[in-house]
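Bear in mind these aren't lab numbers, they're just calculated from the coordinates by the rules spelled out. No experiment lies behind these values; they were computed from the predicted model shown. All Cβ positions, glycine included, derive from the backbone under ideal geometry; neighbour counts span all protein chains shown.
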Amino acid sequence: MWASGAAEGREGRRLTALHADTAPRPAVFFDRDGTLTRDTGYVYRPQDLVFIAGAIAAVKRVNDLGYYAFLVTNQSGVARGYFAETDVQAFHDHLQRQLRAAGAHLDDIRYCPHLEGGAVAAYARRSDWRKPGPGMLLDLMRVWPVAAAQSLVVGDKDIDVRAAAAAGLRGLLFPGGDLDAFLAPHLAP
């Protein structure tokens, strides 16, 4: 399941269903590049996926504790003309397959392909889905029954923490190293 900022307001493009009949659960909103995966600059090819140390274990821990696991990522390479949305989706499908092979999974994914002043006209605009805007986080909380007070956003940049604050969530700045070791003390059993 995934949705992009390009689908804002167009429910026909959503691949997620509303979960209104489910009790609220806490969630961890993971940034992608530099948090779950190594950031080597505009990564989009599945064969270039490299997980950060402890990333798979962190997602599995979140799953095992009953939290939702979400991915929220800016992907301005689309607006810059470096790759297409289909490339982002293929990368995310591969990432999800790799997680599932290790017994982990993401419940849902959001990404923002927009960048004000981008080279591709269709994506060259401002969007509140682009972090530090809260759009991706708010959309996930609209679609899924998230217990916001027990949820958190983890990312490697200040914009991740600022997006968390704008959505009313707690943000954690990941300094690098082992993601599972960093995240574990912040999760309630």
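Estimated at 0.36 nm per residue, the fully extended path between residue 100 and residue 181 surpasses their Cα-Cα distance by 27.1 nm. In the chain, helices alone account for a calculated mean residue ellipticity at 222 nm of -8000 deg cm²/dmol, with every DSSP H run of four or more residues adding -39,500 (n - 2.57). Electrostatic tally near residue 167: other residues with Cβ closer than 14 Å to its Cβ, Lys and Arg +1, Asp and Glu -1, net +2. How would 32, 100, 80 line up from fewest to most surrounding beta-carbon atoms within 10 angstrom? So the ranking, lowest neighbour count to highest, is 100, 80, 32. Based on the alpha-carbon gyration tensor of segment 112-189 and its eigenvalue square roots a ≥ b ≥ c, which shape applies: rounded if a/c is under 1.5, prolate if not and a/b is larger than b/c, or oblate? Cα axes put segment 112-189 in the oblate bin.
Neighbour counts of C-beta atoms inside 10 Å place 109, 56 in the sequence 56, 109, starting with the fewest. Overall shape: oblate for segment 88-140, with the ratio a/c of the largest to smallest alpha carbon gyration tensor axis at 1.5 or above and b/c at least equal to a/b. Once you sort the root eigenvalues of the Cα gyration tensor of segment 149-189 as a ≥ b ≥ c, which label holds: rounded (a/c under 1.5), prolate (a/b larger than b/c) or oblate (the other case)? In terms of gyration-tensor shape, oblate. Amide H to amide H, with H built 1.01 Å from N, residue 172 comes under 5 Å of 153, 154, 155, counting only residues 5 or more places away or on other chains.
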